[in-house]
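Reviewing the structure listed below.
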Amino acid sequence: MTNTSRDIDATLIDTASAVPADAAARADVAVAAPEAKRTNLFDLERVQLEDFFEQVLGEKRYRAHQVMKWIHHRYVTEFDQMTDLGKALRAKLEQHAHVHAPSVVFDKASEDGTHKWLLGMDPKNAIETVYIPDKGRGTLCVSSQVGCALNCQFCSTATQGFNRNLSTAEIIGQVWVAARHLGNVPHQQRKLTNVVMMGMGEPLANFDNVVRAMSIMRDDLGYGLANKRVTLSTAGMVPMIDKLGEVSDVSLAVSLHAPNDDLRSELVPLNKKYGIEELVESCVRYALRKAGTSVTFEYTLMKGVNDQPAHARELVRLMKAFDRAVQMKGAAKINLIPFNPFPGTRFERPTDQAIRAFQKLLNDSGMIAPVRRTRGDDIDAACGQLKGQVMDRTRRNAEFRKQVAQRERGDAAA
Ligand code: SF4
C-alpha cells in the first residue's frame with residue numbers, strides 16, 4: 001500500500017468496529033471497546049482518517065480535518081476536549097478510536113540545547129528521538145525501527161540487534177511528543193522545521209509505515225513541513241529507493257561511509273547485496289525524477305579506516321560521476337560526520353587536523369562537504385550513538401558483548 005491509496009489499511013481498522021452508520025449514530029450510549037480493539041488515530045494519514053470517519057463512524061469526511069488539527073496542532077488526545085465536535089461524535093470516537101502517543105520513559109536536555117527522549121513503544125522496547133536546535137532551524141531525528149537488522153560496523157544501534165518495525169503511530173508519535181514539548185505551532189511559531197529519518201533503524205525496511213508517517217509530517221493538517229525539509233536516510237536499499245521515488249518527494253540521504261566496494265562491504269554489510277555502482281545509479285534515478293533534486297551522501301570519518309587522502313580522491317571521483325549523470329554541478333552533497341565513539345567500539349574519531357585535511361581535499365575539488373558539528377555529546381545523543389532498549393531477536397547484542405569481552409581479555413594479556 002502506498003500513501004496515495006484511498007483504501008483503509010485493514011490492519012489499522014479493526015473490522016469488528018466497522019459498524020454501519022445507523023448503528024454508529026447510537027454510539028453515544030455504547031461502551032468503548034478495549035484499547036487494543038480501537039484504532040489509534042496516530043496510525044492514519046489524512047485520506048485514511050477521512051475514510052475512517054465516513055466508513056466506520058458514518059460521518060462527513062471533513063470532520064477528520066478537525067480531529068487532525070486537535071491532535072497535531074493543539075496536542076489534544078482526549079476526545080472530550082475536542083470542543084468543536086458534537087457530543088454524539090465524541091462518544092462515537094471514544095468507542096471506536098483512541099489517540100495513543102508513545103510514553104516518555106525519560107528525557108534529557110544537553111547544554112547545547114539538544115534534547116533526547118527515550119520513548120517506550122511497548123513494555124520491553126524503547127527507542128530514542130533527538131531534537132537538535134540550530135540557527136533558524138530545529139531538526140528532529142526520528143527512529144523507524146526498534147534496533148536495526150543491518151549491522152553497520154560503526155553504529156551503536158547495530159550493536160543492540162533488532163526487534164521489530166515501528167508502526168506509523170509510533171513514528172509520528174515521536175514527532176508529536178517533541179512538538180508538544182517544544183510548544184511547536186505549525187504554520188506560526190515553528191520550533192520544529194526539519195525531520196530526518198536518521199534515528200534507530202533502516203527506514204526503507206519499514207516502507208509503508210515510514211511513508212505514511214512522512215505524509216502526516218508534510219500535511220498542512222499535520223506538521224506542515226515542506227518536502228525538502230523531511231529527509232529519509234538509507235544505508236542503500238536500492239529497490240526501495242526506486243519505490244520511494246514513485247510515491248514521495250522527500251529529500252534523500254545515503255549512508256555511504258566508504259568510496260569503494262571493498263571497504264564499504266566491510267563497514268556496511270548491505271553493500272554486498274547492492275554495491276556502490278548500483279546504489280549511485282538508483283540515487284541518480286531519484287534525483288532525475290524532479291529537476292533540482294540533490295542527494296546527500298553521509299560519510300562518517302573513522303581514524304585510519306576511511307579518512308586517508310586516497311579515500312577523499314576516490315570519493316570526489318564518485319561524486320563527480322553522480323553530478324555528471326544528473327547534469328547538475330553540486331547535486332551530490334557530502335556530509336562529513338566525525339565518528340562518535342561509544343563503549344566497546346573498535347573505531348576511533350580522526351584528529352581535527354585529519355578531518356580538516358579530508359574536507360579540504362573535497363573542497364579543493366569543488367565539492368560541498370560540511371563537517372557535521374557534534375551535538376548532544378553530553379547526553380549520548382550524537383550521530384550514531386542512539387541505543388534505546390531493544391529486545392534483541394538477532395542475538396547480536398550478546399555477540400557484540402562477547403567480542404568486547406574477548407578484546408578486553410586480549411588487551412589485558414598483552
Ligand atoms: S547505520 Fe543505520 S542502517 Fe546501519 S545499522 Fe545503524 S541504524 Fe541500521
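Candidate cross-link partners of LYS360 among the aspartates and glutamates, defined by an alpha-carbon separation under 13 Å and a same-chain spacing of 8 or more, comprise ASP307, ASP352.
For the residues VAL404, VAL177, VAL284, VAL390, what sequence is obtained by ranking on other C-beta atoms within 10 Å, fewest first? Mind dumping the intermediate values first?
Details: VAL404 15, VAL177 21, VAL284 18, VAL390 25.
Fewest to most other Cβ atoms nearby, the residues stand as VAL404, VAL284, VAL177, VAL390.
For the range 87-140, which trypsin sites (Lys or Arg not before Pro) are in a loop by DSSP, counting at most 10 other Cβ atoms within 10 Å? Show your work: numbers first, answer last.
Values: sites: LYS87, ARG90, LYS92, LYS108, LYS116, LYS124, LYS135, ARG137; in loops: LYS124, LYS135.
Hits after loop and neighbour filter: LYS135.
With runs of 4+ DSSP H residues as the only contributors, calculate the mean residue ellipticity of the chain at 222 nm using -39,500 (n - 2.57) per run, divided by the residue total and rounded to the nearest 500. Please list the in-between numbers first.
Values: 13 runs with 137 residues, N = 414.
Helix contribution divided over all residues of the chain: -10000 deg cm²/dmol.
Taking 29 Å as the straight-line reach from the Cα of LYS60, the lysines in range (excluding those fewer than 8 positions away in the same chain) are LYS37, LYS69, LYS87, LYS92. Ranked by the mean number of other Cβ atoms within 10 Å of their residues, highest first, the peptides 311-321, 150-160 fall in the order 150-160, 311-321. Considering only GLU170, GLU202, GLU54, the Gaussian network model of the chain with Cα springs below 10 Å gives its largest mean-square fluctuation to GLU54. Shape summary: the chain maps onto an equivalent ellipsoid whose semi-axes, from the alpha-carbon gyration tensor, are 41, 24, 19 Å in decreasing order.
In this structure the amide hydrogen of LYS303, modeled in the peptide plane, comes within under 5 Å of the amide hydrogens of GLU348, ARG349, none closer than 5 places in sequence on its chain.
Between the DSSP loop rule and a limit of at most 14 other Cβ atoms within 10 Å, which trypsin sites (Lys or Arg not before Pro) in the range 260-305 are left? Don't skip to the end; give the middle numbers.
Details: sites: ARG264, LYS272, LYS273, ARG285, ARG289, LYS290, LYS303; in loops: LYS273, ARG289, LYS290, LYS303.
Here the trypsin sites (Lys or Arg not before Pro) that fit, given the DSSP loop and packing criteria, are LYS273, ARG289, LYS290.
Counting only C-alpha contacts under 8 Å and six or more residues apart, can you give the relative contact order of the chain as a whole percent? That works out to 16 percent.
Restricting to DSSP loop positions (anything but H, G, I, E, B) with no more than 12 other Cβ atoms inside 10 Å of their own Cβ, which chymotrypsin sites (Phe, Trp or Tyr not before Pro) remain in the range 53-140? The partial results should precede the final answer.
Numbers: sites: PHE53, TYR62, TRP70, TYR75, PHE79, PHE106, TRP117, TYR131; in loops: TYR62, TYR75.
Taking the range 53-140 and a limit of 12 other Cβ atoms within 10 Å, the loop chymotrypsin sites (Phe, Trp or Tyr not before Pro) found are TYR62.
Structure shown: which of LYS191/LYS228; LYS243/LYS387; LYS191/LYS329 lie over 22 Å apart, alpha-carbon to alpha-carbon? Don't skip to the answer; put the middle values down first.
Values: LYS191/LYS228 17 Å; LYS243/LYS387 28 Å; LYS191/LYS329 32 Å.
Those over the limit are LYS243/LYS387; LYS191/LYS329.
At a 10 Å Cβ-Cβ cut-off, how would you order HIS98, HIS187, fewest neighbours first?
Values: HIS98 20, HIS187 9.
Sorted ascending by nearby Cβ count, the order is HIS187, HIS98.
Most simply put, the range 103-401 has about 50% antiparallel DSSP beta bridges, counting only bridges with both residues inside it.
Kindly point out which whole DSSP H helices in the chain project their C-alpha atoms 24 angstrom or further along the helix axis while averaging a Kyte-Doolittle hydropathy of -0.5 or above.
Numbers: long enough: 309-326 (26 Å, -0.07); 396-413 (25 Å, -1.62).
Answer set is 309-326.
Every number in this text was worked out from the coordinates using simple rules, so none of it is lab data. The structure displayed is predicted, hence computed values, not measured ones. Neighbour counts run over all protein chains shown; Cβ positions are idealised from the backbone, glycine included.
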